[in-house]
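Just below is one structure, and these are the notes that go with it.
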Amino acid sequence: MTEKLLQIDNLFIELPTGSERQHAVQDLSLELTQGETLCVVGESGSGKSLTARAVMGLLPAPHVRVSGGQINFNGEDVTKATYDRLRDIRGSEISMIFQEPMTALNPVMSIGNQIDEIFRYHVSLSRSERIERAIELLRDVNLPNPEQIMNAYPHELSGGQRQRSMIAMALALKPQILIADEPTTALDVTTQAQILKLIRDMQTASNTGVLFITHDFGVVADIADRVVVMQHGIVVESGTVNQVLNSPEHPYTQALIGAVPSLMPREARSRSEKTVLQVKGLNKTFGGGRSFFGLGKLNREVRAVKDVELDLHKGETLGVVGESGSGKSTLARCIIRLMDTDSGEISIDGNEINGLSRAEMRPWRHKIQMVFQDPFASLNPRVRVGDIIAQGPVTQGVDRDEAIKRARELISIVGLDGRAFDRFPHEFSGGQRQRIGIARSLALKPEILIADEPVSALDVSIQAQILKLLDEIRDQMNLSMLFITHDLRVAAQVCDRLAVMRYGEIVETGATAKLFANPQHSYTRDLLAAVPGKEWKTGAKSTSVKSRTKSA
Amino acid sequence: MSTFWQRYKRNRSAVFGLIVIVLVILMAATADLLYAFDPFRLAGKPLSGPGLNGFLLGSDSLGRDVAAGIVHGAKTSLLIGLIATLVAVFIGIVFGAFSGYYGGRLDDILMRITEIFQTIPSFIFAILLVAIMKPSIVSIVIAIAVVSWPGVARLVRGEFLALKNREFVQACHTLGMNDLRIMLREILPNCMSPIIVIGSLMVATAILIESGLAFLGLGDPNIMSWGFQIGAGRTMLRSAWWVCTFPGVAILITVLAINLVGEGLNDALNPRLRERN
């Protein structure tokens, strides 16, 4: 039962010369036994994915290579295995599932064909037997209509279905070890919960050892037996899931766990009577156009936003939560007039702005500003940070010297070094870039700030800092905020009220605490139930959480 | 800038190409010092071989100095190549930028126009244009520019299409910036690298087209050109090989060098495309 499947001893992975550090992974040791789930947790750049790849012999040679230590798989050192032996192991004895199922699957091969490939290369079965096995596999991972999915191509499936097919493929030959590299990061929470359950079920059924790479402590709480925490390529802590999550010893682990936002909603602040932003009956449809000359058939229509009603009061933070494709980003872009709407009213301080032309809109721009999701795409790589921040006021007709002075002030307000002014965006980390983005949006002294998933591209520890900064700024500048997020934990910490969106419609609105305690709509209940690790952080940690909400 | 040079330096043949180009430019710049006379002048005994009668690379059937022709011809080739490319890149950027940025109906119209130009074989089109306008340095530049801008337009359109939906451009919209400023200050600087690369390669093509036109007798009759020299020596290829050969080698080396430089620029400006080893 408790046979050791994998034992890694003092593993070193060397990076090419000129990298940030010499070793991606330093002196790493871990072991995995049958039927166990070992979570390797760490932030981006901690070396967790390279560890997983090293086990599969999939390091990007010749730049990155194992320079010391052993990876023993059933007593055989994988680092010294020949290429042919490695190929035998991969897929049949150790298999892997990846983060992004769309890129891990071959887009021009049907799912059935891709599963079939594994059987063709590793075992000799007749064609009909192989098809039968493949259908059986798809049924095992709870895919509806396995026969139909056999003939489907990856783009025809949803993200969750693709990941299920990947798991079916990975488990095709009943491997002894399954390596899962952030398998649910690209998925929505409700799908994530289903996939995690599936992995757990498959594991109990066939007693597989699972090496699970993740950055999300919620997922760890749900799935892990034992945990290894990595920082800068070094294991800083390891132990059972209880030890690590509830009594972490290393300061880094403590900081990471402390940074995970709690699901306990903040106390709602008193609500001002003044409405600053009102949205009524907003509709937005994509597609439906015809090609050149008006020929060809109509494109498929997608109703991205359906009859949305919102009002944002002075000084409050309204969260819009929903899964991908729910239309929340489209809503934000419609409100800030980056996209034209089909119908509806948008009014700022009682003034209708929907339908204004771009020139007419210009004087309203300074009232409403936006912070974007991806700090790497939202800053022009060719413009200096100072100019990025100052260009808003300059565009609005503020004197250049005055704008530069304001930019310098804002750089210090968002917590950056004054020298940042003359640098280019690529010289900064993700968190710092997001601070620059926030400074840019504040340069026009807006009354309303729309934050579109401002922390979803960041590591948890950075995420906590940015959320704190947004909180401070909101209080300092008396901002009203429309906060768009898919993460209910983040929403709980930031928002006074929530609007839950699905398929372009707002299904429920209400004060955050009330909505969390007593969700009315079934979809809200599903969302709440799917949050990973919810038992873990609401119960034991509630005391420290309370102190944090007070200060916010 | 230093990292740009470091990346460029890694491509040895690109460095070689750059050296050759610099030599050709030096040669063109000092043409009036090296051969301080009209290259059309009758300089001595016709059809002298290389090294004979004081001709470094021989003379042609009218006694013109081949070496002087090459040196002065370098001026013509480089000048026409450069100016024609600049004009073509300018037209291409205007078409591509408006087309990609605004999309929709305007994009349809501009791209159909571009396609009309692309469907006509470019060299024949250039011959036609020069024949209509009468051969002169201006008409040659126009002809070359007219046949080479569609490639740039398509490239720039693609870049603008990809960049206009990036978040940093959307951020500029939310700040109330006007379209022209967004196109010029925000998007265009981000697609300069591919434009520089395609531009450098277009210089080589332009030199080839110019030589081809001159070879067919459609060059500016008052200006010495490599293509004209080859055309003049073509009938005597068996008896006086040097008249054609040296200008031909000059074209070969220059075009090759420009292509190498273009390749090197591509590696240096788009480092992510490289990763080959």
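The values are calculated or read from the model by the stated rules, or taken from the named source; none is laboratory data. Quick caveat: nothing in here was measured; it's all calculated off a predicted structure. Positions of Cβ are backbone-derived with ideal geometry, glycine not excepted, and every protein chain shown enters the neighbour counts. Quick note on the areas: whole protein, heavy atoms, side chains included, nothing else; ligands and nucleic acids left out. Shrake-Rupley method; radii C 1.70, N 1.55, O 1.52, S 1.80 Å.
Under the condition of being aromatic (F, W, Y) and away from every other protein chain (no Cβ under 14 Å), which residue from the range B:83-109 is least open to solvent (accessible area, probe 1.4 Å)?
B:F95
Grab the helices (runs of 4 or more DSSP H) fully contained in the range A:314-420, keeping just those with 2 or more residues being within 9 Å of chain B (Cβ to nearest Cβ) and open to solvent by 40 Å² or more (accessible area, probe 1.4 Å).
Answer list for the range A:314-420: A:358-361.
What about A:G69, is it on the phi > 0 side of the Ramachandran plot and assigned to a strand (DSSP E or B)?
Judged against the criteria, A:G69 is a match.
Among the listed residues A:A104, A:A180, which satisfies the condition of being touching a Phe, Trp or Tyr at 6+ places or on another chain (Cβ under 6 Å), open to solvent by 30 Å² or more (accessible area, probe 1.4 Å) and either at pLDDT 90 or above or within 27 Å of A:L58 (Cα to Cα) (or both)?
Numbers: A:A180 fails: open to solvent by 30 Å² or more (accessible area, probe 1.4 Å).
Going through A:A104, A:A180 in turn, just one is touching a Phe, Trp or Tyr at 6+ places or on another chain (Cβ under 6 Å), open to solvent by 30 Å² or more (accessible area, probe 1.4 Å) and either at pLDDT 90 or above or within 27 Å of A:L58 (Cα to Cα) (or both): A:A104.
Which count do you get for residues in the range A:256-275 that are open to solvent by less than 60 Å² (accessible area, probe 1.4 Å) and farther than 23 Å from A:E36 by Cα?
Of the residues in the range A:256-275, 11 are open to solvent by less than 60 Å² (accessible area, probe 1.4 Å) and farther than 23 Å from A:E36 by Cα.
Give me the residue from the range B:163-220 that is open to solvent by 20 Å² or more (accessible area, probe 1.4 Å), within 14 Å of chain A (Cβ to nearest Cβ) and aliphatic (A, V, I, L, M) and, out of that set, farthest from the chain's Cα centre (by Cα).
B:L180
Can we say A:L32 is over 23 Å from A:A170 (Cβ atoms), in a strand (DSSP E or B) and among the aliphatic types (A, V, I, L, M)?
Values: over 23 Å from A:A170 (Cβ atoms): no; in a strand (DSSP E or B): yes; among the aliphatic types (A, V, I, L, M): yes.
Criteria not met by A:L32.
Restricting to the range B:241-266, what's the tally of residues that are over 16 Å from B:L208 (Cα atoms) and touching a helix residue (DSSP H, G or I) at 6+ places or on another chain (Cβ under 8 Å)?
Summing the residues that are over 16 Å from B:L208 (Cα atoms) and touching a helix residue (DSSP H, G or I) at 6+ places or on another chain (Cβ under 8 Å) in the range B:241-266 gives 7.
State all residues of the range B:209-251 that are part of a loop (DSSP other than H, G, I, E, B) and not small (G, A, S); if no residue qualifies, say none.
Once the filter is applied, which keeps residues that are part of a loop (DSSP other than H, G, I, E, B) and not small (G, A, S), the range B:209-251 yields B:L216, B:L218, B:D220, B:P221, B:N222, B:I223, B:M224, B:L237, B:R238.
Show the residue pairs meeting these rules: Cβ distance below 9 Å; 6+ apart or different chains; first residue within the range B:218-240 and under 20 Å from B:A204 (Cα atoms); second residue modelled with pLDDT under 90 and aromatic (F, W, Y).
Close Cβ pairs (under 9 Å, with a partner that is modelled with pLDDT under 90 and aromatic (F, W, Y)) amount to B:M224/B:F40.
May I ask you to list pairs of residues, at least six apart or on different chains, whose Cβ atoms are under 8 Å apart, with the first in the range A:335-363 being in the same structural domain as A:H313 (by TED's automatic domain parsing) and farther than 18 Å from A:R303 by Cα and the second being of a type outside the set (F, W, Y) and assigned to a helix (DSSP H, G or I)?
Cβ pairs passing all conditions: A:I336/B:T174; A:I346/A:C334; A:I346/A:I335; A:I348/A:K367; A:D349/A:K367; A:I353/A:M361.
Tell me yes or no: at least one residue of the range B:110-118 is within 14 Å of chain A (Cβ to nearest Cβ), of a type in the set (D, E, K, R), within 26 Å of the chain's Cα centre (by Cα) and assigned to a helix (DSSP H, G or I).
Yes - at least one qualifying residue is present in the range B:110-118.
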